1. When the stretch 35-47 is examined, which residues are found to be open to solvent by less than 30 Å² (accessible area, probe 1.4 Å) and closer than 16 Å to PRO12 by Cα?
2. One residue is enough: does the stretch 43-54 have a residue meeting the conditions under 30 Å from THR121 (Cβ atoms) and either assigned to a loop (DSSP other than H, G, I, E, B) or at pLDDT below 95 (or both)?
3. Go through the stretch 114-135 and count every residue that is under 23 Å from SER66 (Cα atoms) and either touching an Asp or Glu at 6+ places or on another chain (Cβ under 7 Å) or not small (Gly, Ala, Ser) (or both).
4. Please state which of the following conditions VAL109 fails to meet, knowing it meets all the rest: (1) touching a strand residue (DSSP E or B) at 6+ places or on another chain (Cβ under 8 Å); (2) more than 15 Å from PHE42 (Cβ to Cβ); (3) open to solvent by less than 50 Å² (accessible area, probe 1.4 Å).
5. Going through the stretch 48-62 one residue at a time, which ones are within 14 Å of the chain's Cα centre (by Cα) and open to solvent by less than 30 Å² (accessible area, probe 1.4 Å)?
6. Take the stretch 55-70 and flag every residue that is outside any loop (DSSP other than H, G, I, E, B) and either touching a Pro at 6+ places or on another chain (Cβ under 9 Å) or in contact (Cβ under 8 Å) with a residue 40 or more places away in the chain (or both).
7. Please work out if THR65 is under 23 Å from ASN24 (Cα atoms) and within 16 Å of the chain's Cα centre (by Cα).
8. With (1) more than 30 Å from GLY10 (Cα to Cα); (2) among the small types (Gly, Ala, Ser); (3) out of contact with any Pro (no Cβ under 8 Å at 6 or more places or on another chain) as the list, and ALA108 as the residue in question, which single condition is left unmet?
Amino acid sequence: CSGSVLFDGGLPTLTIDPNITSNNPTTPNTLAKPGDEITLTFTTSEVIKEPVVTFSSGGVAIADTSITYANSSGTNWTAKYTADPADTNGIVTYVITFMDLMENSGIAVTNGTGSVTFDKTPPTLQSVSMISNNTNNTLAKQGDEITLSFTADEPLSETIVTFNGSIAN
């Protein structure tokens, strides 16, 4: 009788730190809102079975548990989900659990590079005021300059002001 037995006593590890990003068009891709896709990429030291990634947003489990996994080489993995309106505002965190083909469990991984913050709350404007350069700054006539001032409750990426159908400069 002949044969061979493969002994695998080594634990699988991640060889490249996990990287989390969002497909939100902000640069860099660190923000997410409902409907945006959150992607976690990582590389393992050896071929593993499909990992389990548990995502949380703002310290609470995400609402969309239909995480999709892709494996391009047995060691290069992505895990993705779509941010949901029911998710909690805050930093998106994760736990990666995995095992090799011999069912040796790797040490769960909870951090890496990149970061994503989920924000479903629309900004609000505070302290909104409008004045003109007319001697009576509550009135304006043709040729007067009108100034709109406001404060937002959070940083804004783009603000477009429209006066009577015309975009202000």
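The values are calculated or read from the model by the stated rules, or taken from the named source; none is laboratory data. Just so we're clear, the structure is a prediction, and the values are computed from it rather than from any experiment. Note: ideal-geometry Cβ built from the backbone for every residue, glycine included; neighbour counts use all protein chains shown. Side chains included, ligands, DNA and RNA excluded: accessible areas come from the protein's heavy atoms. Shrake-Rupley method; radii C 1.70, N 1.55, O 1.52, S 1.80 Å.
1. Residues of the stretch 35-47 that are open to solvent by less than 30 Å² (accessible area, probe 1.4 Å), as a first pass: 36, 38-40, 42-44.
Answer for the stretch 35-47, where residues must be open to solvent by less than 30 Å² (accessible area, probe 1.4 Å) and closer than 16 Å to PRO12 by Cα: PHE42, THR43, THR44.
2. The answer is no, given that none of the residues of the stretch 43-54 is under 30 Å from THR121 (Cβ atoms) and either assigned to a loop (DSSP other than H, G, I, E, B) or at pLDDT below 95 (or both).
3. Start the filter on the stretch 114-135 by keeping residues that are under 23 Å from SER66 (Cα atoms), which leaves 114-120.
After this cut, where a residue has to be either touching an Asp or Glu at 6+ places or on another chain (Cβ under 7 Å) or not small (Gly, Ala, Ser) (or both) as well, the list is 116-120.
Count: 5.
4. Tallying (1) touching a strand residue (DSSP E or B) at 6+ places or on another chain (Cβ under 8 Å); (2) more than 15 Å from PHE42 (Cβ to Cβ); (3) open to solvent by less than 50 Å² (accessible area, probe 1.4 Å), VAL109 fails exactly one: (2).
5. Within the stretch 48-62, PHE55, SER56, SER57, ILE62 meet the criteria.
6. In the first step, residues of the stretch 55-70 are kept if they are outside any loop (DSSP other than H, G, I, E, B); the result is 55-57, 60-61, 68-70.
Within the stretch 55-70, SER57, TYR69 meet the criteria.
7. Values: under 23 Å from ASN24 (Cα atoms): yes; within 16 Å of the chain's Cα centre (by Cα): yes.
So THR65 fits the description; yes.
8. Result: ALA108 passes all but (1).
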